[in-house]
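The values are calculated or read from the model by the stated rules, or taken from the named source; none is laboratory data. These numbers were taken from a predicted model, which means no experiment stands behind them. Here the Cβ positions follow ideal geometry from the backbone for every residue, glycine too, while neighbour counts run over all protein chains shown. Only protein heavy atoms, including side chains, enter the accessible area calculation; ligands, DNA and RNA are left aside. Shrake-Rupley method; radii C 1.70, N 1.55, O 1.52, S 1.80 Å.
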Amino acid sequence: MTAVLHELSGDGVLLLRINRPEAKNALNQDVRQQLAMHFLDATGNSAVKVIVMTGSQEVFVAGADIKAMAAASPIELLLRQNQTYWDAIAHCPKPVIAAVNGYALGGGCELAMHADIIIAGENATFGQPEVRVGIMPGAGGTQRLARAVGKFKAMLICMTGQTFTGREAAEMGLASKAVPDAEVLETALQTARTIAAMPPIAIRQIKEVMLAGADAPLETALMLERKAFQMLFDSEDQKEGMQAFLEKRKPVYRGV
Ligand code: HXC
């Protein structure tokens, strides 16, 4: 069975659907490799403007595959080079939206946090329960989570392994917004279509500057922002966007 289903729509939205229902979409090497391959392909494919990743109505991803790592040695884990698969997602320059229904636990919560926007079902179940199986988060759970929700909530989540709902995730700043469970995918796709219609170079710069600036000193980050802002005035889409405003018409962006 294909572990990651994919579908590219005419408006530039690539939908990736993790499909390993027999193991609650747990991340084994097959899922990781296929996800990474799709993200690398999408990076080089100009027809892809926005990526939406999702699971099923019941589960986004229930974590790393525990059966596949229970007996592993540290060197085996090292040789699996899972970091390269995560990097393909983290370094994707195009906008990534996670549409989360059901369980987003451990590596699943971390996968969602690799996205730029998270649309969560109100009743989704987020958490970093690794501590309950004797380990700790290993793909950003102690870092991206703390940056998203702050040290004190992140410590509580990681040290107790307690889960929280999609609504709570949105309230604490982990999810961009929570919507009724049945509306998650359509909300994510609608958001993706909205972004896909925006000038792609500006979108790319927003993502690059926001991510790079987050871990830089404020002055450096503000300089990055200024340079990117100025650079956009060399794009045809900037001329088109402002001209269309002045002429009271809809802009037509070409990504140049
Ligand atoms: C391997 C898993 C799995 C996982 C579920 N399954 N989660 N297999 N790895 N993470 C398998 C079960 O073994 C079972 O297989 C089948 O999926 C159905 O799961 P059930 O437990 O029977 O379903 P349910 O009772 O509905 O409970 C769902 C659940 C629970 C709450 C999501 O499965 C669960 O707690 N899963 C583990 C969650 C977790 O601890 N995640 C963190 C993993 S560590 P069989 O063969 O019995 O039918 C991690 C580290 C990340 O993520 C490090 C960096 C990547």
Looking at Phe126, Phe164, can you tell me which residue is open to solvent by less than 30 Å² (accessible area, probe 1.4 Å), within 16 Å of the chain's Cα centre (by Cα) and within 16 Å of the ligand (Cβ to nearest atom)? Phe126
Which of the residues belonging to segment 78-116 are among the β-branched types (Val, Ile, Thr), part of a helix (DSSP H, G or I) and open to solvent by less than 20 Å² (accessible area, probe 1.4 Å)? Ile89
Qualifying positions in segment 198-216 - modelled with pLDDT of 95 or more and open to solvent by 90 Å² or more (accessible area, probe 1.4 Å): Arg204, Ile206, Glu208, Met210, Leu211
Within segment 71-116, take every residue that is farther than 22 Å from Thr187 by Cα and of a type in the set (Ser, Thr, Tyr) and give me the one that is farthest from the chain's Cα centre (by Cα). Ser73
Qualifying residue in segment 153-161 (condition: polar (S, T, N, Q), in contact (Cβ under 8 Å) with a residue 24 or more places away in the chain, surrounded by fewer than 16 Cβ atoms within 10 Å (Cβ to Cβ) and farther than 21 Å from His114 by Cβ): yes
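Residue by residue, here is whether (1) surrounded by fewer than 20 Cβ atoms within 10 Å (Cβ to Cβ); (2) in a strand (DSSP E or B) holds:
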| site | (1), (2) |
| --- | --- |
| Gly10 | yes, no |
| Leu14 | no, yes |
| Gln33 | yes, no |
| His38 | no, no |
| Ser46 | yes, no |
| Phe60 | no, yes |
| Lys67 | yes, no |
| Glu76 | yes, no |
Ala42 vs. criteria of a type outside the set (Val, Ile, Thr), out of contact with any helix residue (DSSP H, G or I) (no Cβ under 9 Å at 6 or more places or on another chain) and either more than 10 Å from the ligand (Cβ to nearest atom) or open to solvent by less than 70 Å² (accessible area, probe 1.4 Å) (or both): yes
Does Ala214 count as touching a strand residue (DSSP E or B) at 6+ places or on another chain (Cβ under 7 Å) and touching a residue at least 24 places away in the same chain (Cβ under 8 Å)? no
